[in-house]
1. Based only on other Cβ atoms within 10 Å, what is the fewest-to-most ordering of HIS122, HIS160?
2. Stretched out fully, how many nm does the piece from ARG88 to ARG118 gain, at 0.36 nm a residue minus the Cα gap?
3. Arranged by the count of other C-beta atoms within 10 angstrom, fewest first, what order do THR66, THR134 take?
4. What is the gain in length, in nm to one decimal, between LEU11 and GLN48 on full extension, counting 0.36 nm per residue of separation less the C-alpha to C-alpha distance?
5. Ratio of the stretch 83-187's C-alpha Rg to 2.2 N^0.38 Å, to two decimals?
6. On a full-extension model of 0.36 nm per residue, what is the gain between GLN23 and THR65, subtracting their alpha-carbon distance, rounded to one decimal in nm?
7. For the stretch 3-71, how big is the tail of P(r) above 21 Å, as a whole percent of Cα pairs?
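Just so it is clear, none of the values below were taken in a lab; they were calculated from the coordinates. Note that this is a predicted model, so its numbers are computed, not measured. Reconstructed Cβ throughout: ideal geometry from the backbone, glycine too, with neighbour counts over all protein chains shown.
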Amino acid sequence: MRQEDEDLDGLVRKRIRALRLAQGWSLEELATRARLSQSSLSRIENGQRRLALDQLVVLARALDTTLDQLVETAADDVVISPMIDGTRGQMRWPIKGEPGMTVIRQRMTDPPPDNPSRMRAHPGREWLVVLSGTATLLLGNRRFRIETDQAAEFPTMMPHAIGAEGGPCEVLGIFDRDARRGHQRDSGDRELRDPPGR
């Protein structure tokens with residue numbers, strides 16, 4: 001067996017055990033769910049039995065994952081450098097494996113707009129956490145104060161706006177493709193737009 005294959009083999013065995021333990025299952029419980037004998041599962045986890053594709057498929061299903069996720073290896077490009085937009089005070093990172101998702105870190109100094117016509121509503125999902133300071137989230141007719149280390153998740157089809165309260169704040173936002181596009185239309189931000197053909 002080549003070294004690469006041995007490394008993957010060991011990784012898959014460790015992953016099976018880690019996923020089982022994360023569910024709080026004993027060997028017997030996972031073996032029952034996967035319709036394997038407890039001794040077979042033990043030998044699979046301990047490297048005393050060859051990994052067979054049909055068993056991996058059954059184990060993946062029993063562990064509520066996919067075969068691809070069970071056998072995936074770490075990419076060489078684990079560390080991602082941000083794109084920096086100094087004019088907006090933003091840093092952006094794409095989320096690999098989740099096409100269209102983006103993480104944005106932004107420093108805000110202005111309060112949210114008082115004019116309801118400047119609030120956004122669009123398809124998608126957004127989640128944000130306040131890293132420092134205090135932010136104000138306007139959501140429809142409601143006003144929420146979000147302090148350092150607090151997070152917010154909200155329906156983006158509800159008109160919304162966010163800004164700083166009582167001084168600068170720094171937020172980290174996660175946007176799916178639809179939410180990102182909704183903000184691009186409002187801001188005219190070309191750097192985040194998808195390339196043609198996507």
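1. Fewest-to-most Cβ neighbours within 10 Å comes out as HIS122, HIS160.
2. Computed gain between ARG88 and ARG118 is 9.0 nm.
3. Neighbour counts put them in this order, fewest first: THR66, THR134.
4. That works out to 11.9 nm of additional length.
5. Taking N as the residue count of the stretch 83-187, the ratio is 1.00.
6. 13.9 nm
7. Considering the stretch 3-71, 12 percent of its Cα-Cα pairs are separated by more than 21 Å.
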